[in-house]
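> Have a look at the structure that comes next, please.
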Amino acid sequence: MKKCEICIKEISTDTHHINSTSKGGLNKYSNRCELCPNCHRLVHTGKIILEGRFFTTACNPNESEVVWRNKGEKSITDLPDPEVWLYNEK
């Protein structure tokens, strides 16, 4: 099991692309994060905004954090809110 990079719960996680591959995002570690199903849904419904993955040390590329915010909070990176891909609700 892995930890969700937002809520830090140790649970079965989904891999999420921070910048969608359909919009040119790469399938690289720097563009992926592990999310629990609940946080994954919150990202896809726009309630949580992923700002990106930022590396905390230049020496160790494995030391990084996903920076995120709740909808309505100020962006620390001054990036605009991304387009939101909504689940098909039936």
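Read-outs throughout are calculated quantities, based only on the coordinates presented, and are distinct from any laboratory measurement. Owing to the predicted nature of the structure, the values given are computational and were not obtained by experimental measurement. So basically every Cβ, Gly included, is an ideal-geometry build from the backbone, and we count neighbours across all protein chains shown.
> So who's got an amide H within less than 5 Å of the one on Lys2, skipping anything under 5 residues away but keeping other chains? H placed 1.01 Å off N, in plane.
Ile11, Thr13
> Multiplying the sequence separation of Glu10 and Thr56 by 0.36 nm and subtracting their Cα-Cα distance, what value in nm do you get?
Taking Glu10 through Thr56 to full extension adds about 14.4 nm, to one decimal.
> Same structure, new question: Counting only the backbone N, which residues of segment 12-50 are under 17 Å from the spot 7 Å out from the Cα of Glu65 toward its beta-carbon?
33-34, 49-50
> Sort all Cα-Cα distances of segment 2-70 into consecutive 5 angstrom bins from zero, then give the percent of pairs in each bin up to the one containing the longest distance.
Histogramming segment 2-70 at 5 Å steps yields 4, 17, 27, 28, 17, 6, 1, 0 percent.
> Counting other C-beta atoms within 10 Å, which of Ser12, Ser64 has the fewest, and how do the rest follow?
Details: Ser12 11, Ser64 17.
Starting with the residue having the fewest Cβ neighbours, the order is Ser12, Ser64.
> So for each of 71-78, 16-23 I average, over its residues, the number of other beta carbons within 10 Å; can you give me the resulting order with the highest mean first?
By packing density, highest mean first, the sequence is 16-23, 71-78.
> Let me check I've understood the local charge: for His16, count other residues with C-beta under 10 angstrom from its C-beta, Lys and Arg +1, Asp and Glu -1. What total comes out?
-2
> Over segment 2-70, calculate the relative contact order: mean separation of alpha carbon pairs under 8 Å at least 6 apart, over the residue count, as a percent.
27 percent
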